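Everything on this sheet refers to the single structure shown next.
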Amino acid sequence: MEIITAVRGFKDILPEETGRWQFIEAKARDVFASFGFREIRIPILEKTDLFKRGIGETTDIVEKEMYTFLDRGEEYLTLRPEATASVIRAYLEHNLYAADPVAKLYTIGPMFRRERPQKGRYRQFHQIDVELLGLDNPRIDAEIILMLIHFLKSVGLPEPGLEINSLGCFSCRPSFRKAMTDFLKGKEDQLCGDCQRRLHTNPLRVFDCKNEPCSGIIADAPQLPDFVCDRCRDHFKNVQESLNVFGLSFMINPRMVRGLDYYTKTTFEVTTDFLGAQNAIVGGGRYDGLVKELGGPDIPGIGFAIGCERLLAMIPVKNESFSAKPDLFIAALGDESQQLAFRLCNHFRMSGILTEMDYLGKSLKSQMKRADKFQCAYTLILGEKELRERKAELRNMRQGTQETIGLDGIEETILKFVRAR
Ligand code: HAM
């Protein structure tokens, strides 16, 4: 019978890879904690309306990429394509803002988008997501970017390429929208089907279009930073000055519009050349109208999400550095020795010593081979003859030396050896 394979674009993370995952997750928790962020865990499934309202009806994500289904004919549910909308939903549902107007939150987990799978792009992927609610000071924008870059460097990404932009606010964006509509007028026929539609609903999205005719056309399009109001311009200038305080290098990319509709003012991405077209490892920005849009008070916010698969593809940490090698292997011959090995093995494990043994009753030679394969520090050999003499052999696998030890008090003797190394 054929085996049933995983769904296309859904990937297993195998034991030899999970060490690297745990490494970046632990580093994220450490770094975020020292900046005052706390973890929030949110469901994977949400009501579809949350994302429609939060991300925007005319974005690629909502139009084409969501895993949505009608739950037993009752209501539409969606596997979360991102975490921001869900974090804010939880923040509002539990009145977190009543306890403290400032909330610094992070969450780590899988997201789902039905995109065309390719290198660095999956249908289930993982994000480390950070959200800060309740502050609209430009220093906060710089602080959150500083935390991000500090984290990326601490996991071994040498020179994260930071790009920033300002998308303006609800008062200055309409003039840009008009300029875009005017610019695209007459070019309608050359745009792809999606963009022809978006021209009337959301012309900003044409910037985000991955189809060739559109990306060529927008090369000469008006640029957002030329249309922002004085307040947004000042905000952006202050963000840059605050980034300079920490010597953070950045590039202003006036064409970066981000793929979600909720952004206002500062947006940013960390990009890399290595992944071909999928060059953003991190995306984020300010979203001062989103909390209100989702039914809450007028509370500003800013955040970012790191794509774990893309980050891991970029950092040099080796899988091998995370595969733990046993401290001890117990090779046992004969029933009685096996019984003793079984008892000792689990005793050592409960003392925190990584111990392995052979349960198959194989020859001493094949058990020693297995100990070698595991690259154990020590092998304890329990032979039938040795057992009768109430002795055992302890072999130091690295040095190739061996010594005889007595069975009485063997637990303490071995703990002493293993712990001394
Ligand atoms: P985003 O730019 O859509 O932003 O995604 C953030 C990161 O998730 C991307 O830079 C990329 O590394 C990763 N990513 C996205 N789609 C895929 C995929 N199909 N396969 C692999 N990795 C992927 C957001 O999701 C916003 N919620 C970020 C944010 C938080 N803004 C404010 N707060």
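The values are calculated or read from the model by the stated rules, or taken from the named source; none is laboratory data. As the structure is a prediction and not an experimental result, all values here were calculated from the model. Quick reminder, even Gly has a Cβ in these numbers, built from the backbone with ideal geometry, and neighbours come from all protein chains shown. Keep in mind that these areas ignore ligands, DNA and RNA; they rest on the heavy atoms of the full protein, side chains included. Shrake-Rupley method; radii C 1.70, N 1.55, O 1.52, S 1.80 Å.
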Can you tell me which of (1) open to solvent by 10 Å² or more (accessible area, probe 1.4 Å); (2) away from the ligand (no atom under 13 Å from the Cβ); (3) in contact with a strand residue (DSSP E or B) (Cβ under 6 Å, 6 or more places away or on another chain) is the one T78 doesn't meet?
(1)
By residue number, the members of the range 115-148 that are assigned to a loop (DSSP other than H, G, I, E, B) and either without any contact (Cβ under 8 Å) to a residue 40 or more places away in the chain or within 9 Å of the ligand (Cβ to nearest atom) (or both) are E115, R116, P117, G120, Y122, R123, N137
Would you mind stating whether A90 is more than 10 Å from the ligand (Cβ to nearest atom), modelled with pLDDT of 95 or more and open to solvent by less than 30 Å² (accessible area, probe 1.4 Å)?
yes
Give me the pairs: first residue in the range 183-210 and part of a helix (DSSP H, G or I), second residue among the small types (G, A, S), beta-carbon distance under 7 Å, and six or more apart or on different chains, which are they?
F183/A221; D208/G259
What single numbered condition from (1) open to solvent by less than 20 Å² (accessible area, probe 1.4 Å); (2) of a type outside the set (G, A, S); (3) touching a Cys at 6+ places or on another chain (Cβ under 8 Å); (4) closer than 27 Å to L148 by Cα fails to hold for I164?
(3)
Among the residues that make up the range 283-303, is at least one of them within 11 Å of the ligand (Cβ to nearest atom) and modelled with pLDDT under 95?
no
Applying the selection to the range 392-411, what residues are assigned to a loop (DSSP other than H, G, I, E, B) and farther than 18 Å from A341 by Cβ?
R398, Q399, G400
Just to be sure before I move on: is F250 modelled with pLDDT of 95 or more and within 20 Å of L224 (Cα to Cα) in the structure I sent?
yes
Report whether or not L152 is assigned to a loop (DSSP other than H, G, I, E, B), under 30 Å from L311 (Cα atoms) and either at pLDDT 90 or above or in contact with a Leu (Cβ under 6 Å, 6 or more places away or on another chain) (or both).
no
Hey, among the residues in the range 220-276 that are of a type in the set (G, A, S) and not in a helix (DSSP H, G or I), which one's nearest to the ligand (Cβ to nearest atom)?
G259
Quick count over the range 30-67, residues being surrounded by fewer than 16 Cβ atoms within 10 Å (Cβ to Cβ), without any contact (Cβ under 8 Å) to a residue 40 or more places away in the chain and basic (K, R), is 1
Being open to solvent by 60 Å² or more (accessible area, probe 1.4 Å) and charged (D, E, K, R) is the filter here; which residues of the range 335-384 pass it?
D335, E336, R343, R349, K362, K365, K369, R370, D372, K373, E384
Check whether at least one residue in the range 171-178 is within 28 Å of I252 (Cβ to Cβ) and assigned to a loop (DSSP other than H, G, I, E, B), and report yes or no.
yes
Under the condition of being more than 21 Å from M397 (Cα to Cα) and modelled with pLDDT under 90, which residue from the range 304-334 is least open to solvent (accessible area, probe 1.4 Å)?
I315
